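Each value in this text was obtained by applying a stated rule to the coordinates, not by laboratory testing. What you are looking at is a predicted structure, and each value in this text was computed from that prediction instead of being measured. Methodologically, a virtual Cβ is constructed for each residue, glycine included, from the backbone with ideal geometry; neighbour enumeration extends over all protein chains shown.
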Amino acid sequence: MGKKTNIILITGFLGSGKTTFLNNVMRQIKDHTIDIIVNDFGEIVVDTDIIKQENESITDSKLRIEELGNGSIFCSCLKPDLVNALVKYSKKTADFLVIETSGLSDPSSFYVLLRESKELGDYYSVSHSFCLIDSPKFLHLIQHMDILERQIRSCTNIILNKVDLVDTKILGEIESLIKTFNSQAKIFKASYADFDFSQAQWNDPALKRQYTGASGCNPRLLTTSSLLPQIEITYDSLQRFLHQLEDEQIYRMKGYVSIGDNYFKIDGDPVQIEKVNGFIPSKLGISVICQKGYEREIESHWSQLKS
């Protein structure tokens, strides 16, 4: 048996900065061969194109990406697809396998999967695990989204992201609360998910993680909406559409649209429109995760874009 592929597991709630963090790490390990599995709770998997756009300098021979959408890769609906992707990648071993989970995933079952599957355990080892925290929203979210606590408990590195938007007192409260969930994790502070990967704590294989048995795949309060391209969309109508939405009802919105001969990325918190230069997205549309019931209003506004 040759050397195992090191898995970098990236988790964190919706909008915490996982994809930005992944891209920052990628720039630091770009001289290695890298496989990526991108998981999205929505039907449109947008992050694959964002990763390719940000890492165009990495050749295809050094980078392979598998996208798994419509649920959490750690629940029964997508776990077989995850296993198939892991088996496929094991036939051509890379230096790193980076897994970006859905923001609604409970990663604790992944350690169980590797431990109980000899076929996979012989090829892979989780070398690093990260949980991204949306610092400005954390104290509110932790009261309503129990998946956040499970994500924190499953990782050995916690990244308090967007710390430039939070005062020192609040940061102290966040850090103290996180330590009650996971006292063994190393906590880092970051803005724009900027992080020195060499400082990360390696996973301890002997560390026993609690498997909650919950998948996070069927959140009671949230739902998804896929906004497909409108033929007659204009930049002004797209701006009007975004201004009509209530930010507090939306947990994540990202995607690509075409306007005339140009492509634009919809992303960020708050959501912004950014022109894309020199890159053609593989799919168009916007993926939205929002409060259950609000999707009807979003889709109604979207359908009126061309009018």
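Based on every Cα atom in the stretch 226-266, Rg and the maximum pairwise Cα distance Dmax equal 10.8, 33 Å. Residues whose amide H lies under 5 Å from that of residue 102, counting only those 5 or more places away or on a different chain, are 39, 73; hydrogens are built 1.01 Å from N in the peptide plane.
Scan the stretch 234-307 for trypsin sites (Lys or Arg not before Pro) in coil per DSSP, keeping those whose Cβ has at most 16 other Cβ atoms within 10 Å, and list them by number. Here the sparse-neighbourhood loop sites are 283, 292, 306. The Cα-based radius of gyration of the chain, divided by its Kirkwood radius, gives an Rg/Rh of 0.96. Label-to-label distance for residue 83 and residue 177 is 3.7 nm, based on points extended 7 Å past Cα in the beta-carbon direction. Calculated mean residue ellipticity at 222 nm for the chain: -8500 deg cm²/dmol, from DSSP H runs with n ≥ 4 weighted as -39500 (n - 2.57), summed, divided by the residue count and rounded to 500.
Along its principal axes, the stretch 222-303 has C-alpha extents of 36, 21, 19 angstrom, given from the largest down. Measure nothing but the geometry: give the 0 to 90° angle between the long axis through the Cα atoms of 235-244 and the longest principal axis through the Cα atoms of the chain, rounded to 10°. Orientation of helix 235-244: about 70 degrees from the principal axis. Two decimals, Cα atoms only, Kirkwood Rh: what is Rg/Rh over the stretch 80-178? Here the Rg-to-Rh quotient is 1.06.
Can you pick out the pairs among 189/275; 79/118; 169/265; 4/189; 18/179; 4/162 whose Cα atoms lie more than 28 Å from each other?
Numbers: 189/275 30 Å; 79/118 16 Å; 169/265 35 Å; 4/189 30 Å; 18/179 21 Å; 4/162 34 Å.
Long pairs (Cα-Cα over 28 Å): 189/275; 169/265; 4/189; 4/162.
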